[in-house]
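Input: a single structure, listed below in structure tokens.
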Amino acid sequence: MEKLLIRGGNRLTGTVKVSGAKNAAVAILPAALLTDETCVIENLPYINDVTVLAEILSELGAKVALDPVGRIIIEPYYVNKYKADYKMVKRMRASYYLLGALLGRFGRAEIAFPGGCEIGVRPIDQHIKGFEALGANINIEKGVIYAEADKLVGTEIYLDVVSVGATINIMLAAVRAEGITTIVNAAKEPHVVDVANFLNNMGSNIKGAGTDVIKIKGVEKLHGCNYTIIPDQIEAGTFMIAAAATGGDVTVDKVIPKHLEAVTAKLLETGMKVVEGDDYVRVIGMGLPRCVNLKTLPYPGFPTDLQQPMTVFLSVADGTSIITENVWESRYKHVAELRKMGANIKTEDRIAIIQGVESLTGASVSATDLRAGAALIIAGLMAEGLTQIDNLEHIDRGYERIEQKFIKLGADIERATVDEDGNITGSSLVV
Ligand code: UD1
């Protein structure tokens, strides 16, 4: 087993380069199946969700060359399967995009229900409603979703909830459908726009991505393309919060500052300094944060994926902060871990009440999900003493070489191997 060991107390300083957006990448890779020509995708984060997807695409028959420097070449011409079983998809949530992509390409898809983070009931009823509205028959049997359509025909689809996944999945199925598809109450996240841009580069006709009404005029054929993925807004936000939480001075580089406005505004409200450049934001910690209230919302609201890091930061605020988690109903699993480190947080349903404490203390904690893992790293960087984090597979699904990026900023953090008896060997942080 591996653990992250962190000796807290160091101020983070310097520059960190943000990787490509995970949530765009996990949709763009399946989207490449919509053509039979070669797609070259750059600025790809080298994370487990991407390597797993690359494996799935090659099991479907595509020729795939994944380069750790952040490029993938996909030759979907050879794809000859429209099925992905549980063994293939269980390691990632976003495998549901294979449904839209294979349905769009072959008019058929058989995909097992996805895995991914345990952050609440994760229904896909809106995806299914969209596929059915386009003319597909959907059956769910023994954990497998069977989708089939003689032909897909554009129509208007109103989403009951603002769903990133449903918006993207319906776009994937609709780009080659007959006629016009309109998605009303669509998600506006930057990665929705990125996927639409990728599809348009392939010859699709999508208008309105980034607003709550997206219009897709179906085209007969898509072609290959070269595409560069946008920077990861959540990774950027994670480093921004970490900089503030350690009283540091960090330039988060190669980002789109507009995508970070909600985080920037909240950090300013806590009394931190944030300087925006064309493609960077610099965050300067200004001592303990002022307490603030925060509500997570779909974009351009405060992203739920940064709620957990923010909970950590506010755990040492001057006063009581209240967080309302409006997107996922069960996204406070990290709180139990934070309590082990001395945080004073009460939760009830979607609300967390954080009574600021003087400091956190290092402890052995577990990454319960991807963003909880990132939050616990920040907690470890802030805490006095040694923090040990296990369950790293969650963190590795979504962050590229996270400890190496923190080391470059001056953190005392290392990945260590733990033997069956729980002994950590070869670590400079455990004495
Ligand atoms: C994506 C992100 C995830 C982020 C979330 C919200 C990816 C791979 N993951 O997840 O990191 O936390 O957006 O920004 O991009 N819902 C339904 N029915 C559906 C679909 C969703 O009721 O068919 C509900 C969900 O339960 C949730 C809300 O809608 O309460 C938002 O979910 P959604 O935007 O779909 O999240 P994901 O796309 O799964």
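Read the figures in this text as sums done on the coordinates, not as results from a lab. Note that the structure is a prediction, hence the values are computed from the model and not measured. Methodologically, a virtual Cβ is constructed for each residue, glycine included, from the backbone with ideal geometry; neighbour enumeration extends over all protein chains shown.
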Problem set entry | Within the chain: Cβ-based charge dipole about Cα centre, in debye rounded to nearest 20 (Lys, Arg +1; Asp, Glu -1) | 420 debye
Exercise. Over all pairs of distinct alpha carbons, what does the Kirkwood formula give as the hydrodynamic radius of segment 1-91, in Å?
Worked result: 14.9 Å
Problem set entry | Directionally averaged shadow of segment 213-259, computed from the convex hull of its alpha-carbon atoms, nm² | 5.5 nm²
For this session: Calculate the length of the line joining the C-alpha centroid of segment 165-208 to that of segment 290-304, in whole Å.
Result: 26 Å
Exercise. What translational diffusion coefficient, in µm²/s and rounded to a whole number, does the Stokes-Einstein relation yield for segment 303-431 at 25 °C and a viscosity of 0.890 mPa s, taking the hydrodynamic radius as the Kirkwood radius over Cα pairs?
Worked result: 162 µm²/s
Problem set entry | Only Lys, Arg (+1) and Asp, Glu (-1) charged, at Cβ; segment 252-316 dipole about Cα centre in debye | 220 debye
Problem set entry | Among LEU99, ILE145, TYR77 - extreme Cα towards positive end, dipole of segment 65-173, charges at beta-carbon | TYR77
Exercise. For the chain, modelled as a Gaussian network with Cα springs under 10 Å, which listed residue fluctuates most, ILE413, ILE351, ILE229?
Worked result: ILE351
Problem set entry | Projected area averaged over orientations for segment 100-219, convex hull of C-alpha atoms, nm² | 6.9 nm²
Exercise. Taking segment 275-334, which trypsin sites (Lys or Arg not before Pro) meet the DSSP loop condition and have no more than 11 other C-beta atoms within 10 Å?
Worked result: none
Problem set entry | Estimated inter-spin distance, GLU269 and VAL219, nm [label 7 Å along Cα→Cβ] | 4.2 nm
Problem set entry | ARG401 versus ASN423: modelled label distance in nm, points set 7 Å from Cα along the beta carbon direction | 3.2 nm
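Quick check on segment 329-374: what are the equivalent-ellipsoid semi-axes from the Cα gyration tensor, as sqrt(5λ), descending, whole Å?
Working: eigenvalues 56, 47, 10 Å².
Working from the Cα gyration tensor, I get semi-axes of 17, 15, 7 Å.
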For this session: Give me the distance in nm between label points sitting 7 Å out from Cα along the Cα-to-Cβ direction at THR15 and GLU37, one decimal.
Result: 3.7 nm
Problem set entry | For the chain, built as a Gaussian network whose Cα springs stay under 10 Å, the top-fluctuating residue of THR264, THR51, THR368 | THR51
For this session: Send over the Kirkwood Rh of segment 118-187, from the inverse of the averaged 1/r over different Cα pairs, rounded to one decimal Å.
Result: 12.4 Å
Exercise. Loop-only check: which GluC sites (Glu not before Pro) in segment 310-405 are DSSP coil with at most 14 other Cβ within 10 angstrom?
Worked result: GLU329, GLU358
Exercise. Given 10 Å bins starting at zero, what is the percent of C-alpha pairs of the chain in each, up to the one with the largest pair distance?
Worked result: 5, 22, 31, 24, 14, 4, 0
Seminar exercise, completed: Check: C-alpha center segment 317-361 vs C-alpha center segment 366-385, spacing in Å is 13 Å
For this session: Would you work out the relative contact order for the chain, in percent, from Cα pairs under 8 angstrom that are 6 or more residues apart?
Result: 20 percent
Problem set entry | Filter on LYS129/LYS151; LYS142/LYS333; LYS3/LYS405; LYS266/LYS340; LYS83/LYS215 - keep pairs with C-alpha separation over 18 Å | LYS142/LYS333; LYS266/LYS340; LYS83/LYS215
